[in-house]
Amino acid sequence: MERAIEMRTSSSVPALIFALIAIVGAVIGFGLHSAGQDYSAISTFALAILIAALASSAVRVADQWSKAVVLRLGKFRALEGPGMFFIVPLIDTIPYWIDTRVLTSSFKAEKTLTKDTVPVDVDAVLFWKIFDPEKAALAVADYQAAIGWASQTALRDVIGKTMLSDMLEGRDKISAVLQTIIDARTQPWGISVQSVEVKDVLIPPPLKMPCRCRLKPSASARPASSLASRSCRSLSALEKQRKLIPIIQSRSTCVR
């Protein structure tokens, strides 16, 4: 399974704050240096750099689709974002940036036996979304890997309980069953499965021709049955007309 990537772009706000405070400290230090107070100038500039570092590390910016998980001394404190927020440097940490958009992951099952013991390869795509970032960060160590394993095991279970013919003809039904199973497993992690799409079902080449031969009679059986029913109806109508002819003739002779 391809792991979904948490998109996180670095914000320029902390760097801008650091630059502004450092420039102000440099200007003040240069003024003190011009006045002959070299020691005060160096101290002022060093203090400005320290303040700039603390201020820039206290400011964080979360994107519109991101939630920041803030821990204070190792304990969960809050979810921050989107927008600008503040943390306490050296005390608060942000271990996770959670993407709350709909994410996609592909997963597959290779050489898995169906209910009628036919090995198949199945490729599928999972659409999922994090609705509770706190659970996704704290309830499971790696929610992306957990979703991958849950999807693969669910796919193997469904394949093992499904006949090959049902799998080839009923992909929508298999997708719905997979969505129900995976969603039940990921709900405790704060993750909701939006949909599952089965992309392809590959069977061994020696079995492709027999499968096609099985499908052809079933497709031609319906027109044949409809023609047979129509012919039966026409024959019954002719029989009725033949029985009515002598009756009509006898009535006509009586009238004469």
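The values are calculated or read from the model by the stated rules, or taken from the named source; none is laboratory data. Predicted model only: the values in this text are computed from it and were never measured. With ideal geometry, Cβ positions are generated from the backbone for all residues, glycine too; neighbour counts draw on all protein chains shown.
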*Given 60, 77, which one is closer than 30 Å to residue 135 by Cβ and surrounded by fewer than 17 Cβ atoms within 10 Å (Cβ to Cβ)?*
77
*List pairs: first in segment 78-90 and in contact (Cβ under 8 Å) with a residue 60 or more places away in the chain, second among the β-branched types (Val, Ile, Thr), Cβ under 6 Å, 6+ apart or cross-chain?*
84/61
*asked:* Test of understanding: among 69, 102, which residue is in contact (Cβ under 8 Å) with a residue 60 or more places away in the chain and touching a helix residue (DSSP H, G or I) at 6+ places or on another chain (Cβ under 7 Å)?
replied: 69
*Restricting the first residue to segment 147-166 and requiring it to be outside the structural domain of residue 183 (by TED's automatic domain parsing), which pairs with a second residue that is of a type in the set (Ser, Thr, Tyr) and surrounded by fewer than 22 Cβ atoms within 10 Å (Cβ to Cβ) meet a Cβ separation below 6 Å and a spacing of at least six or different chains?*
none
